[in-house]
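Report on the structure given below.
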Amino acid sequence: MPSQTAMFLMSVAEFALWAVLGFLFWKKKFHLQFPAMGYYLAIRIASMPLLVFFFYGQSRHWFHNLCFPIYFFIYWTVYIASAVLLYFVCIEVFRSALSAFPGLMKLGLVIFSWAVLASVIVSFSTITFSHKGFMLIPDIAFRLMRSVSILELCLLGFLCLSMNALRLSARDMAFGISLGFGIMSSSDFILASLWSPKTSLTDPVQFVCESMILVALGMWVAYCALPEPARQPLMVPANSLIFRWNEIATALGHTGTQVAVQPAGGFRLTEAENAVEESLTQDLKSRASAT
Amino acid sequence: MRRGAGRGGKRGGKCGQNEEIAGPWRYVGNYRHYYLFIFLNSLDLICKITYDFGVQEMCFLPIQIHQRLPPMKLALRIFVLTIVAAGVAAAATTPRTAPPIASHQSATASMPGPGCGPYMCPPDTQ
């Protein structure tokens, strides 16, 4: 089979797998548990016909040659929207993985959100601004996607190493989503590191990366199609380290009784103590004088 | 480092009961076992290296790997960590001057990326 035909068939299979995945995801109501992932799949499936339409239109000079600007803006808007949605998907996966430990989840989400913010700031600060005008948009989009890819790999590493402690099953959807995106991120980075201007679309590297994407998609379809194991009530020993940390985190996040902080010039506890001491001294003196 | 109590006894540690080592060396008397337990907590692997010294000044080192995880789960972990390591290594070795490539995670991955901006390209390329 010619390599071009093989690559075309793989691309068709990829789109078909995305469509099947979207269908199963909504049918099994996973979008209620992972809304950002649902939006990501929706944008992935819905944008394709739109982009095909305008891509075809630019070669036919439809709409007074406005198809190319429209294609350009849709393309990069969808690209940036995908990157932003992937950030939220990471947060959803993190929340779902730590759902058995509400205290740790609250504390972890705060830390995770700060990590996301730091990642975004670092990404924007490393933009070279070598391009001017509209071509700055692709630079921003590439940086955002790179930073979210690193975040996905970090999340996957965290889930893999803490599966036992979190009592997270490998068949859990949160782990499945993270694994799929981890494979895709890794594939992107490998392709980027081996890319050269001579690399064609039918290069063996392209086949390897496309195969990895298909594996990730097939795995997601299997996760959606197979029944997810019901989460059992978590049983941990009372002296378990993670249980203790969860208790501490719960206590830290507890918004119970509020304490009024007195201003510097206000009533102080030492003044009350002095007043009590004075009254006791006077009482003792009066008793001594009476006897 | 733990020292075994003798033949057939229960050894401590996370691996539970010690399995006797089959083979001709089992019948050599006055031997002692030295166990080296390496606990790789993250992978839940316990690597036990046993040294058997016999009267004939011969020794051998059977290495047994006890897995507290089922093999599938362990294989999955190794696979996942390999992916993470490969991705991180690739990201670290990519030169900063390399041309950026559209990610497959983008919803626009299947479509060709615009090579230039609107009103910036030659009319033939648009």
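The values are calculated or read from the model by the stated rules, or taken from the named source; none is laboratory data. Since this is a predicted model, take the numbers as computed values, not measurements. Reconstructed Cβ throughout: ideal geometry from the backbone, glycine too, with neighbour counts over all protein chains shown.
Here are a few things to note about the model shown:
- Unique residue being assigned to a helix (DSSP H, G or I) and more than 18 Å from the chain's Cα centre (by Cα) when the list is A:Cys209, A:Cys154, A:Cys160: A:Cys209
- Per-region count, the range B:87-98, residues facing another protein chain (nearest Cβ under 7 Å) and either surrounded by fewer than 17 Cβ atoms within 10 Å (Cβ to Cβ) or not in a loop (DSSP other than H, G, I, E, B) (or both): 6
- Restricting the range A:105-132 to residues that are surrounded by 15 or more Cβ atoms within 10 Å (Cβ to Cβ) and of a type in the set (Val, Ile, Thr), the residue that is farthest from B:Gly115 (Cα to Cα) is A:Val116.
- Qualifying positions in the range B:99-118 - at the interface with chain A (Cβ under 7 Å from one of its Cβ atoms), crowded, with 19+ Cβ neighbours inside 10 Å and under 32 Å from the mean Cα position of the chain (by Cα): B:Ser103, B:His104, B:Gln105, B:Ser106
- Members of the range A:35-72 found to be within 8 Å of chain B (Cβ to nearest Cβ) and of a type in the set (Ser, Thr, Tyr), listed by number: A:Tyr40, A:Ser47, A:Tyr71
- Count of the range A:184-206 residues which are of a type outside the set (A, V, I, L, M), out of contact with any Ser or Thr (no Cβ under 8 Å at 6 or more places or on another chain) and touching a residue at least 40 places away in the same chain (Cβ under 8 Å): 0
- Restricting the range B:67-86 to residues that are at pLDDT 90 or above and surrounded by 15 or more Cβ atoms within 10 Å (Cβ to Cβ), the residue that is nearest to the chain's Cα centre (by Cα): B:Leu81
- When the range A:195-204 is filtered for residues that are more than 8 Å from chain B (Cβ to nearest Cβ) and either in a loop (DSSP other than H, G, I, E, B) or under 16 Å from B:Ala85 (Cα atoms) (or both), the ones remaining, listed by number, are A:Ser196, A:Lys198, A:Thr199, A:Ser200, A:Leu201, A:Thr202, A:Asp203.
- Hits in the range A:242-270 (condition: modelled with pLDDT of 75 or more and not β-branched (Val, Ile, Thr)): A:Phe243, A:Arg244, A:Trp245, A:Asn246, A:Glu247, A:Ala249, A:Ala251
- In the range A:155-166, the residues that are closer than 13 Å to B:Leu76 by Cα and assigned by TED's automatic domain parsing to the domain that holds A:Ile183 reach residues that are polar (S, T, N, Q) and modelled with pLDDT under 90 with C-beta atoms within less than 7 angstrom, at least six apart or across chains, in these pairs: A:Leu161/B:Ser42.
- In the set (1) away from every other protein chain (no Cβ under 14 Å); (2) at pLDDT 85 or above; (3) surrounded by fewer than 19 Cβ atoms within 10 Å (Cβ to Cβ), the condition left unmet by A:Gln4 is number (2).
- Annotation note: of A:Phe134, A:Phe124, A:Phe142, the sole residue that is within 8 Å of chain B (Cβ to nearest Cβ) and in contact (Cβ under 8 Å) with a residue 12 or more places away in the chain is A:Phe134.
- Yes/no for A:Leu168 being surrounded by 18 or more Cβ atoms within 10 Å (Cβ to Cβ), in contact with a helix residue (DSSP H, G or I) (Cβ under 9 Å, 6 or more places away or on another chain) and not in a helix (DSSP H, G or I): yes
- Within the range A:71-116, being of a type in the set (Val, Ile, Thr), at pLDDT 90 or above and within 18 Å of A:Leu151 (Cβ to Cβ) holds for A:Ile80, A:Val84, A:Val89, A:Ile91, A:Val93.
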